[in-house]
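This report refers to the structure that appears directly beneath it.
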Amino acid sequence: MGATMNDPLLAVAAASVDGERTVLETFLNFHRATIVRKVRGLSEEDARLRRVPSLTTPAGLVKHLTVMELRWFQRVLARRTEEELPPEGEEGWILDEHDTVESLIAEYERVCALSRETAAGFALDHTVPHPRLVRVSLRWIYVHLIEETARHAGHADILRELTDGSTGDVG
């Protein structure tokens, strides 16, 4: 069990015969870890470098996903409003002078741990109101965050390949 906790890819393989909640949590954790692996080790300059016309940068991906975790698990699921979030559209893509690779990763990992703790208090079928979707369940939130995080992990993989040739979810 300890080996799978340290290796998200082994955890995904081990979860292949587990229940629905474990599978959802494991896949989300796998993609969270992939994002961190793709950004960790980049220089500050490379992490901020825009290689595409949009605001997408490796560091910006981490900042954006931190906002998504807060928005879905804290604001929507737990109904907490104390954390200030950027308005829809900006989604935290814009970096400030205090953002560093390690500070962004540390905040992302802190928020992901908070998301795991928050989600543990709810059943998958638990639903909450949502302004556009009427109601969403924790199950839906998991699937949405898996999709969102996996999509951006693919972006991070491409940006990392363009930076130093590194590719793959574990490399």
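The values are calculated or read from the model by the stated rules, or taken from the named source; none is laboratory data. Owing to the predicted nature of the structure, the values given are computational and were not obtained by experimental measurement. Counting neighbours? That spans all protein chains shown, and the Cβs are built from the backbone with ideal geometry, glycine included. Only protein heavy atoms, including side chains, enter the accessible area calculation; ligands, DNA and RNA are left aside. Shrake-Rupley method; radii C 1.70, N 1.55, O 1.52, S 1.80 Å.
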(message) Given the criteria over 14 Å from Ala47 (Cα atoms) and open to solvent by 20 Å² or more (accessible area, probe 1.4 Å), does Ala119 qualify?
(response) no
(request) Report yes if some residue within the range 129-139 is out of contact with any Lys or Arg (no Cβ under 7 Å at 6 or more places or on another chain) and either within 28 Å of Thr57 (Cα to Cα) or in a helix (DSSP H, G or I) (or both); otherwise report no. (result) yes
(request) Considering every residue within the range 70-81, establish whether at least one is under 26 Å from Leu162 (Cβ atoms) and either modelled with pLDDT under 95 or of a type in the set (Gly, Ala, Ser) (or both). (result) no
(message) Any residue in the range 16-33 that is part of a helix (DSSP H, G or I) sitting within a Cβ distance under 8 Å of a residue that is open to solvent by less than 30 Å² (accessible area, probe 1.4 Å) and among the polar types (S, T, N, Q)? List the pairs, counting only those 6 or more apart or interchain.
(response) Leu28/Thr149; His31/Thr149; Arg32/Thr149
(request) Any chance you could count how many residues in the range 80-101 are surrounded by 12 or more Cβ atoms within 10 Å (Cβ to Cβ) and of a type in the set (D, E, K, R)? (result) 5
(request) Hey, can you tell me all the residues within the range 62-79 that are open to solvent by 70 Å² or more (accessible area, probe 1.4 Å) and either within 14 Å of Thr149 (Cα to Cα) or not in a helix (DSSP H, G or I) (or both)? (result) Arg79
(message) Exactly one of these conditions fails for Glu45: (1) of a type outside the set (S, T, N, Q); (2) closer than 24 Å to Val143 by Cα; (3) without any contact (Cβ under 8 Å) to a residue 24 or more places away in the chain; (4) not in a loop (DSSP other than H, G, I, E, B). Give me its number.
(response) (2)
(request) Give Leu159, Leu145, Leu104 a once-over and let me know the one that is at negative phi, assigned to a helix (DSSP H, G or I), in contact (Cβ under 8 Å) with a residue 60 or more places away in the chain and touching a Pro at 6+ places or on another chain (Cβ under 6 Å). (result) Leu159
(request) Select from the range 127-171 the residues that are among the basic types (Lys, Arg) and either closer than 18 Å to Gly41 by Cα or modelled with pLDDT under 95 (or both) and write down the one among them that is surrounded by the most Cβ atoms within 10 Å (Cβ to Cβ). (result) Arg160
(request) With the checklist (1) charged (D, E, K, R); (2) under 19 Å from Glu109 (Cα atoms); (3) out of contact with any Leu (no Cβ under 9 Å at 6 or more places or on another chain) in hand, flag the one item Glu83 doesn't pass. (result) (3)
(message) Within the range 54-61, does at least one residue satisfy the condition of being assigned to a helix (DSSP H, G or I) and either among the β-branched types (Val, Ile, Thr) or surrounded by fewer than 21 Cβ atoms within 10 Å (Cβ to Cβ) (or both)?
(response) no
